[in-house]
Every structure is written in structure tokens, then in C-alpha cells.
Amino acid sequence: MVKLVALEPRWCAADADLREVATSLVAELRAHEQQKGKRIRQRIAQDALKFERAVEVTVCNFVAISMLDPERWLMVRLGNYATSASPIYGGHFNQVVDLMAELGLITKQAGFRVDRKFRAPSRIKPTGRLESGLRYVVCPRNDKGSERPRRRTAMKTHYRVGIGLSMLVSAALGGVAVGELHAQAKSPVYFIGEIEVSNPDGYAKEYLPRAREIIKAHGGRLVAAGGAAGTGSQVIAIDGEAPKRVVIYMYPSIDAVHAWRNDPEYEQVRKIGEKYAKYRTFAVQGLPQQ
């Protein structure tokens, strides 16, 4: 008898390493998608976030079933089944499943109708290529938010999940991709912007919220900001004259920087920003982190 576990759509990565793994896997799936000509245009920011969330939930669930029983299959809904209770399902989840299957990371079995009353559910399972590298840390949390001692137990909604970064990437993406992904994980790219803002109010209200949403969709993370329309911190001159505003974003790779900057959706938002500011921007490769 096939042993099934229903996918828990509310799982999320509470561990920094696991979030990095999910980000790397998203990049690999997108690269495969583009290489095979499956997508001509970039996803809009909202759809990109849904795609990333589908990857995160899938990986977290695989971690959980590896703890319970590696022989179990993950029961999923393939099709347009998104609901308020399970918003993860739908087109983006289907795309993630198909891409992972094409890369040989999972085995997929579509559901089928047995008779008029019963339908066998769709199910997915990590292949040996992925499963052999899974590492998990599952910490149930009590009502006060503190962690209880770790134990092998059934899944619950508020678990925190972690995976050993190098092992999962090695298993999931194969030896060829490991070196590149390790370089991305250990050597981020820093994007620096020197910005002269002429209208802080318009810049902050009309440009920043949308721009940051698109930046986040491409893996950018704000690590520092100061000056006009900033976070309240100031740009402090050490030698020479300080710019009026400085922002520093961390990206997983230089390709992610270029993908963000050339995103047609961002190009439209940038036109709004240029009404209120002048830009001088550049990127620098970070040093490997030990």
C-alpha cells in the first residue's frame, strides 16, 4: 500500500540556510525554464513571489516526510485548486512540480479516477538524487513561542524546519551546479546606489514601495540605506563629500542584478523614480564567507 502524507501549505523556512537553499533552487528552476524556452517574459513581481513560495513549501514538506518515513509520498493537488485555506496550489505550484520532475529531482504521479466515487490523488516524492542529501531540524513550538526539545513526531503547522545547506544543494542540483551555487551562496553581490533625491515625498510614496517589491522578487535584500527618503539614518562623510542618499542591496549573483535591472516591470517603475531622483549605481562581488 502506498503511504501518503498531505502537503502542508503553511510550512515556511525559519532557518537561514534553508531559505538560501530555496532561493538557489528557484534560480535553478528559472534557468531551466528559460533554457527550454518555457517562458519568454519575466514573471511580474507578485507571480514571482508565488513561484518562490511554492518552491519553499515543497522543500519544507520534503524535509518533514524524510523525518517521518522516506517511503511516504507527498499528496498534492495538481490543477487550479487554490483556495483561501490552501493558497499555494494553482498554476505556479504546477509549474514548480513540472520543472522539478524534468530535472529529475522528484517523481510525479498524476491522480486518476478509479470509479464514480473515488479518485486516486496526485502525489510526488523526492528522487534519490534529492533525498540522499536531506538534512532536517524540526522544532515544535509551544503557545508562548519558545522551542520545545526536539523529538520525532507528526507534523504540525508551526514547526520550524532547517536543512543542511551544502548537502541539500549537492543532492538536489547535482555536482556540476554545486560549485556555482556555493559561489553564489558564499559570495553575494552587493549593489550600491548613490541617489540624489529632488522630491523625497514623491520618491518615497510613488517609487520606493513598488521598486522594493520587484527587487525582492529577484532575490535582492536591503542591507543599508541612509539619507533622503531613507530609513532615518544619515550618510556620514569620512573622506570627501557624502552622497545625499545611499542604498546597498545584497543579491545572490550578478545575474540576479541584471535580471532585476532589465525587468520590464522595473523599467516602468524606474521612469517614475527618475522624475524625483538622479541615480549612480554599481555592483561589486562580495568575498567568500567562511
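Among the residues of segment 232-277, those identified as charged (D, E, K, R) and either in a helix (DSSP H, G or I) or touching a residue at least 12 places away in the same chain (Cβ under 8 Å) (or both) are LYS244, ARG245, ASP255, ARG261, ASP263, GLU265, GLU267, ARG270, LYS271, GLU274, LYS275. One residue is enough: does segment 64-72 have a residue meeting the conditions touching a helix residue (DSSP H, G or I) at 6+ places or on another chain (Cβ under 8 Å) and either outside the structural domain of ASP98 (by TED's automatic domain parsing) or of a type in the set (Asp, Glu) (or both)? Taking every residue of segment 64-72 in turn, none turns out to be touching a helix residue (DSSP H, G or I) at 6+ places or on another chain (Cβ under 8 Å) and either outside the structural domain of ASP98 (by TED's automatic domain parsing) or of a type in the set (Asp, Glu) (or both). Give the number of residues within segment 1-32 that are buried (at least 16 other Cβ atoms within 10 Å of the Cβ) and assigned to a helix (DSSP H, G or I). Qualifying residue count for the region: 14.
If I ask for residues that are free of Cβ contacts under 8 Å to residues at least 60 places away in the same chain and either outside any helix (DSSP H, G or I) or within 15 Å of VAL57 (Cβ to Cβ) (or both), which ones from segment 96-109 would you list? Step through it out loud before you land on a result.
So in segment 96-109, the residues free of Cβ contacts under 8 Å to residues at least 60 places away in the same chain come out as 97-98, 101, 104, 106-109.
VAL97, GLY104, ILE106, THR107, LYS108, GLN109, listed by residue number.
The values are calculated or read from the model by the stated rules, or taken from the named source; none is laboratory data. None of these values were measured; they are calculated from a predicted model. Every residue, glycine as well, gets a Cβ built from its backbone with ideal geometry; the counts of neighbours run over all protein chains shown.
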